Amino acid sequence: MTQQSEIQRPLPALTELNRPFWTAGADGVLRMQRCAACGRLVHPPALRCPYDHALLEYVDLSGRGRVESWTVNRHPWFPGFPPPYLVAFVSPVEDTRVRLLTNLVNVDPDEVTPNMPVQVVFERREDGDDVVYIPLFEPERQ
Ligand SMILES: [Zn+2]
């Protein structure tokens with residue numbers, strides 16, 4: 001696979017709503033919205049809980065998760081983001097009902113297994129005046 005430092009992933013469009021998610025890596029933490037009423041994590045960022053319409057607040061998570069599913073992309077969809085790369089759904093250990101669409105890094109595709117423990121790593125990228133921290137996941141270190 002291509003060295004991570006050479007990869008230019010497409011960057012997210014920051015909004016007032018999603019900025020805490022995309023910039024939390026500056027503090028070294030994975031931060032997601034949690035419903036103040038039902039306690040569920042909510043992702044992608046939303047104005048209200050999709051289950052009970054209560055208010056959401058950003059909370060710090062451990063950054064640990066489990067691989068729910070994955071695929072190896074072999075098609076060159078984006079310039080500067082050469083295949084092959086692993087696209088995965090990762091569920092944070094704090095709430096396995098929610099999932100993040102992400103990339104798995106620092107792992108051979110043949111070594112990925114269902115429910116594999118992973119931990120977040122951030123890719124720091126500058127985008128104009130913004131600094132974005134893209135949450136990626138690698139196998140959890142023992
Ligand atoms: Zn709720």
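The values are calculated or read from the model by the stated rules, or taken from the named source; none is laboratory data. Only a predicted model underlies this, so the values are computations on that prediction, with no experimental measurement involved. We place every Cβ from the backbone using ideal geometry, glycine too, and count neighbours over all the protein chains shown. With ligands, DNA and RNA removed, areas are computed over all heavy atoms of the protein, side chains included. Shrake-Rupley method; radii C 1.70, N 1.55, O 1.52, S 1.80 Å.
How many residues are within 23 Å of Gln8 (Cβ to Cβ) and within 17 Å of the chain's Cα centre (by Cα) if we restrict to the range 102-142?
Going residue by residue through the range 102-142, those that are within 23 Å of Gln8 (Cβ to Cβ) are 102-109, 118, 120-138.
Next cut, within 17 Å of the chain's Cα centre (by Cα) only: 102-107, 118, 120-125, 131-138.
Adding up the residues that qualify gives 21.
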> Would you call Asn106 on the phi > 0 side of the Ramachandran plot, part of a loop (DSSP other than H, G, I, E, B) and in contact with a helix residue (DSSP H, G or I) (Cβ under 8 Å, 6 or more places away or on another chain)?
Replying inline: yes
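For the range 1-87, please list each of the strands (runs of 3 or more DSSP E) lying entirely inside it that holds at least 1 residues being over 30 Å from Asp110 (Cα atoms) and either more than 19 Å from the chain's Cα centre (by Cα) or modelled with pLDDT of 95 or more (or both). Outline the logic, then answer.
On the way: elements: 30-35, 56-61, 64-73.
Here the list reads 30-35, 56-61.
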> In the range 21-37, how many residues are buried (at least 17 other Cβ atoms within 10 Å of the Cβ) and within 16 Å of the ligand (Cβ to nearest atom)?
Replying inline: 4
> Looking at the range 38-60, is at least one residue touching an Asp or Glu at 6+ places or on another chain (Cβ under 6 Å), away from the ligand (no atom under 13 Å from the Cβ) and closer than 22 Å to Asp130 by Cβ?
Replying inline: no
> Which members of the range 47-78 meet the condition of being closer than 15 Å to Val118 by Cβ and open to solvent by 80 Å² or more (accessible area, probe 1.4 Å)?
Replying inline: Arg64, Trp70
